[in-house]
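Below you'll find the structure, written out as C-alpha cells, and then a few comments.
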Amino acid sequence: MHRTEPLALSRLLGFRVEIYPERKQAHCVLDATEVHVNRSGVVHGGISATLLDTASGVTASLTVDDSGLAPFTTVSLNINYIAAARPGMLRAEGRLSGGGRVLTFVEGTLTDAEGRLIATSTGVFKRLRERQGET
C-alpha cells in the first residue's frame, strides 16, 4: 500500500487516498468531524459520495498504471445509503467489477471504524485521453 500526494479536494475535506496496486484497489479514509456533518449531526451524504467517487475513480485508474493517476472521469455513480454515518473514521473502498478499453465498472463500499456498512456504490468511469504532449 502507498499513499498518494493529497489532491486539493482531499486536503480541503481532510481525507487520504491509499493505493493497493497489487489488488487494483484504492481506499479513501476520513476521520469525520463536526465540519463534515449536516444539520442532523450525521455525516453529510455529499461527503460519503465524494469518498466513494474518489476511491472508485482511483481504482479505475489502476487498470492503466499502478500510480492511480491515469485520467478517468465519472460517467455515472449510483449510491445506496444504508445507515447514517456518525463522526469518526470512515473508509471507502473501490473494487473493479468489469469494463473494457474505455469504460471501467467499479463497486464501492463505505464503512465506519466498527466495520458497519454505511453505503454502497456502483460507478462507471471513462478513461480520458492524455493531452497532446503529455505522457
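The values are calculated or read from the model by the stated rules, or taken from the named source; none is laboratory data. As the structure is a computational prediction, the values presented were derived from the model and not from experiment. Cβ: placed from backbone, ideal geometry, glycine included. Neighbour counts: every protein chain shown.
Hey, could you check region 23-50 for residues that are assigned to a helix (DSSP H, G or I) and in contact (Cβ under 8 Å) with a residue 24 or more places away in the chain and say which is nearest to F72 (Cα to Cα)? Per the criteria, the residue is T50. The number of residues in region 110-122 being part of a strand (DSSP E or B) and in contact (Cβ under 8 Å) with a residue 24 or more places away in the chain comes to 8.
Determine which member of the set A32, A8, A49 is surrounded by fewer than 16 Cβ atoms within 10 Å (Cβ to Cβ) and of a type in the set (A, V, I, L, M, F, W, C). Spell out how you get there, then give the answer.
Working: A32 fails: surrounded by fewer than 16 Cβ atoms within 10 Å (Cβ to Cβ); A49 fails: surrounded by fewer than 16 Cβ atoms within 10 Å (Cβ to Cβ).
Only one candidate passes the filter, namely A8.
Touching a helix residue (DSSP H, G or I) at 6+ places or on another chain (Cβ under 9 Å) and closer than 19 Å to R129 by Cα: is that true of T73 in this structure? Against the criterion (touching a helix residue (DSSP H, G or I) at 6+ places or on another chain (Cβ under 9 Å) and closer than 19 Å to R129 by Cα), T73 qualifies. Restricting to region 108-122, and then to whatever is among the aliphatic types (A, V, I, L, M) and either under 18 Å from G46 (Cα atoms) or modelled with pLDDT under 95 (or both), can you tell me which residue is surrounded by the fewest Cβ atoms within 10 Å (Cβ to Cβ)? Checking each candidate, the answer is L117.
Pull up region 1-22, narrow it to residues that are among the small types (G, A, S) and closer than 20 Å to T73 by Cβ, then point me to the one that is modelled with the lowest pLDDT. Checking each candidate, the answer is A8.
So that you can scan it fast, the table gives a plain yes or no per residue for (1) assigned to a loop (DSSP other than H, G, I, E, B); (2) surrounded by 14 or more Cβ atoms within 10 Å (Cβ to Cβ); (3) at pLDDT 95 or above:
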{"site": "G68", "(1), (2), (3)": "yes, yes, no"}
{"site": "A85", "(1), (2), (3)": "yes, yes, yes"}
{"site": "G94", "(1), (2), (3)": "no, yes, yes"}
{"site": "V106", "(1), (2), (3)": "no, yes, yes"}
{"site": "V124", "(1), (2), (3)": "no, yes, yes"}
{"site": "R131", "(1), (2), (3)": "yes, no, no"}
{"site": "T135", "(1), (2), (3)": "yes, no, no"}
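Close Cβ contacts (under 6 Å, 6 or more residues apart or on different chains) running from residues in region 57-84 that are under 27 Å from E114 (Cα atoms) to residues that are modelled with pLDDT of 95 or more and loosely packed, with under 14 Cβ neighbours inside 10 Å comprise I82/L117.
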